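Below is one structure, written out as structure tokens, with a few remarks after it.
Values quoted throughout were computed directly from the atomic coordinates according to the rules given, and no laboratory measurement underlies them. Quantities reported herein were computed from a predicted structural model and do not represent experimental measurements. Cβ placement follows ideal geometry from the backbone for every residue including glycine, while neighbour counts extend to all protein chains displayed.
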Amino acid sequence: MPGQFKTEAVVLRTFRYGEADRILHLYTAERGRVNAIAKGVRRVKSRFGGRLEPLFRINLVLHEGRGELCTVTQAETVAAHPALRERRGSLDRASQACDAVLRLLDSEEPNRPAYNLLCRELHLLDTDAEAATRAHALAFRIKLLLAAGFAPELASCAACGDHEHLGAFSASAGGVVCPGCEANSFTLGEEAHSFLVDALGHPLANAPDASDPALRQADRAIAETLEHHAHVRLRRVA
């Protein structure tokens, strides 16, 4: 029913609307994806100040009317992540993370693991300049796949269940495959396979590293899983 509600959110993306307003794409802790309008936010004396910018984590009071957009009525900063904005690499990785959430999680159903993962990623990129690596970005994506329910099978052949000779990956099959089931697959080396397993099994702050060839294979596995099962295409992680 229409009315006010409170939620914590991360601002994924914004764009201008009219003379002084701004449309916000939010990922919230309690409501999943929410689209909102902040009226008058671009005026110099706006009561919201600079709190409704991309990558901000905020507490919000929103009014839900009969239209498609909620209206922001109050906003308080939880974390502005100022340090990551001063480093190009960290800023790019943070923007990629928000874009992945925006494209993959478009439901209004809450997904607390995904929300917590995004908050953790932004915090790490803000506090640790060394976190803006390709390996770390891929670790975030494979964990996001898990939170969204699209994680590939990595422990056994996705087609027949065999646990040995898992040297290929098939998005259509749903994960790693053995030689007998490798139709429509590509080679996934042992290092790339181990990277994906370790990335899922370790905290984001302890994301594993791997060689460039292994990371390219892991990136392809993640990208093809997204395209085949979630119908989402993201830019490859460079």
Any idea how many residues of region 155-213 are in contact with an Asp or Glu (Cβ under 8 Å, 6 or more places away or on another chain), in a loop (DSSP other than H, G, I, E, B) and on the phi > 0 side of the Ramachandran plot?
1
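Return yes when Ala171 is more than 17 Å from Glu191 (Cα to Cα) and surrounded by 19 or more Cβ atoms within 10 Å (Cβ to Cβ) and no when it is not.
So Ala171 fits the description; yes.
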With the requirement that a residue be of a type in the set (A, V, I, L, M, F, W, C) and outside any strand (DSSP E or B), what does region 32-69 give you?
Val41, Val44, Phe48, Leu52, Leu55, Phe56, Leu69
Matching residues in region 1-56 (within 26 Å of Ala100 (Cα to Cα) and of a type in the set (Gly, Ala, Ser)) number 6
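Among the residues that make up region 108-117, is at least one of them crowded, with 18+ Cβ neighbours inside 10 Å and of a type in the set (Gly, Ala, Ser)?
Within region 108-117 (the criterion being crowded, with 18+ Cβ neighbours inside 10 Å and of a type in the set (Gly, Ala, Ser)), the answer is yes, since at least one residue qualifies.
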Condition test on Pro203, is it farther than 20 Å from His163 by Cβ, more than 18 Å from the chain's Cα centre (by Cα) and surrounded by fewer than 17 Cβ atoms within 10 Å (Cβ to Cβ)?
no
Given the conditions (1) without any contact (Cβ under 8 Å) to a residue 60 or more places away in the chain; (2) surrounded by 15 or more Cβ atoms within 10 Å (Cβ to Cβ), and given that Ala79 satisfies all but one, which numbered condition is not satisfied?
(2)
